[in-house]
Amino acid sequence: MNRISLTAAIMTWLLIPALLFAGDWGFKGSKPITMADHLQHPQSAMNYMEQWSGTVVFEKDHNLNFNLVHSNLTTGGNKAVFRVEYNTPDGRKLEDSKRCTIEQSSAPFKLACGENLITGSPEEMMVRFKSDKINLAMSLKAVTKAFRPGNGRLTHPKNSGDYYDFMLTIPRGKALVKLNNRILNGYGSVDHSYTNSGVHKVAKHWIRTTYHDEKVSILFAANISDDKRNTGWMSVSTDSSSFSSADLNIELTDNWQDKDKGGYYAPATIKMSAPGGQYLKIENMHFNSRRDMLSELNKVEQWVVRKFSDPMRYSFSGKVHVGWTGGDMPAIAPATLLETVREVVVLTKQMDK
């Protein structure tokens, strides 16, 4: 073999794994959802974090949010926190939290944070939270089956051992809430995620929207890697139809630039399209606000955290147009495309420059 052929062979040998590796990012394939997916996945990694989060909407600007979060970065023995936040249209906010160690079981399904619980079943979750400020008992009954985008896993673009796992436990559910002796009805969703390495290692941008009203639920997400690749998923559902997929062509364009923090930006136009003709698009969003996600830490804590990540959060608003097929209706050929338009808020978190 002459020198040119040898060089070409070496370059080909080096290039092939690089090409294979270049595609190893994003939600791939599929994976069945089991009871184990709803439980905690304890790990010893320093950056291991796991959370169960829910949002219930009663009417515009009237909502309830809860999350149960375990983080190995928390000092002390109780590494989990259960938080509840209640917001009313007149701007009032009621919030409280309890620190604990998570105890769990699969039969019956239960996640316990001291006296506070997420229990019932994955199809009808019950949440109980008691504190000096809040006495909450809630049932959230799924009207749409759980959704995992692909295999649910995003891996570090250069190290597949670092990952983030996600599933949408309840994309749309009917909520019955008793909060401090007040009875409320609404719609909501629950998701569950965990990471062994910190989300700043998995993707540079995290883009999310959660919208619910009495007619429709619209949830979507997108991520941008360090090398500008993107991935994401969408889920839209009513009480009689639904469509959820990560098999999408995703375009993130019209980047808004943060003039006060060089290298930071957020897409103002998001387009998603599926092979079956389903689509989601929100164009030319207007900027609402920006926030340093470390601003509540003291100077020393900020200095330490910025050694690893320097996250900013941007809020935008715009009209999202969604078209989908599917549901419990009789099959029609060709399938009927259902369409809706809603005003939504889109949050973009950029983890580092």
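The values are calculated or read from the model by the stated rules, or taken from the named source; none is laboratory data. Worth saying up front: this structure is predicted, and the values here are computed from it rather than measured. Reconstructed Cβ throughout: ideal geometry from the backbone, glycine too, with neighbour counts over all protein chains shown.
Within segment 246-261, count every residue that is outside any loop (DSSP other than H, G, I, E, B) and surrounded by fewer than 21 Cβ atoms within 10 Å (Cβ to Cβ).
Adding up the residues that qualify gives 7.
Just checking, which of 67, 78 is outside the structural domain of residue 215 (by TED's automatic domain parsing), assigned to a strand (DSSP E or B) and surrounded by 14 or more Cβ atoms within 10 Å (Cβ to Cβ)?
The unique qualifying residue is 67.
Looking at residue 265, is it more than 24 Å from residue 235 (Cβ to Cβ) and at pLDDT 90 or above?
yes
If you take the residues of segment 144-168 that are closer than 14 Å to residue 217 by Cα and surrounded by 19 or more Cβ atoms within 10 Å (Cβ to Cβ), which of them is farthest from the chain's Cα centre (by Cα)?
Looking at residues that are closer than 14 Å to residue 217 by Cα and surrounded by 19 or more Cβ atoms within 10 Å (Cβ to Cβ), I get 144.
Of the numbered conditions (1) in a strand (DSSP E or B); (2) in contact with a Pro (Cβ under 9 Å, 6 or more places away or on another chain), residue 192 fails exactly one; give the number of that condition.
(2)
Which condition number does residue 198 fail, the rest of (1) within 30 Å of residue 317 (Cα to Cα); (2) small (Gly, Ala, Ser); (3) at pLDDT 95 or above being met?
(3)
Of all residues in segment 51-69, count the ones that are within 18 Å of the chain's Cα centre (by Cα) and aromatic (Phe, Trp, Tyr).
2
Conditions tested, residue by residue: (1) of a type in the set (Phe, Trp, Tyr); (2) touching a Ser or Thr at 6+ places or on another chain (Cβ under 8 Å); (3) within 17 Å of residue 133 (Cα to Cα).
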{"site": "61", "(1), (2), (3)": "no, yes, no"}
{"site": "71", "(1), (2), (3)": "no, no, no"}
{"site": "79", "(1), (2), (3)": "no, yes, no"}
{"site": "92", "(1), (2), (3)": "no, no, yes"}
{"site": "98", "(1), (2), (3)": "no, yes, yes"}
{"site": "101", "(1), (2), (3)": "no, no, no"}
{"site": "106", "(1), (2), (3)": "no, no, no"}
{"site": "110", "(1), (2), (3)": "no, yes, no"}
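Where in segment 91-130 are the strands (runs of 3 or more DSSP E), entirely inside, with at least 2 residues that are among the charged types (D, E, K, R) and either at positive phi or touching a strand residue (DSSP E or B) at 6+ places or on another chain (Cβ under 6 Å) (or both)?
The qualifying strands (runs of 3 or more DSSP E) are 93-100, 124-130.
Keeping to segment 264-285, report how many residues are part of a strand (DSSP E or B) and either hydroxyl-bearing (Ser, Thr, Tyr) or not assigned by TED's automatic domain parsing to the domain that holds residue 252 (or both).
Going through segment 264-285 one residue at a time, the tally reaches 4.
From the list 295, 315, exactly one residue is modelled with pLDDT under 90 and closer than 23 Å to residue 199 by Cβ. Which is it?
Just a single option satisfies the conditions, and that option is 295.
Just checking, how many residues over segment 286-318 are hydrophobic (A, V, I, L, M, F, W, C) and in a strand (DSSP E or B)?
Adding up the residues that qualify gives 3.
Restrict the check to segment 222-237 and report whether at least one residue is out of contact with any Phe, Trp or Tyr (no Cβ under 7 Å at 6 or more places or on another chain), among the aromatic types (Phe, Trp, Tyr), touching a residue at least 40 places away in the same chain (Cβ under 8 Å) and not in a loop (DSSP other than H, G, I, E, B).
No: zero hits.
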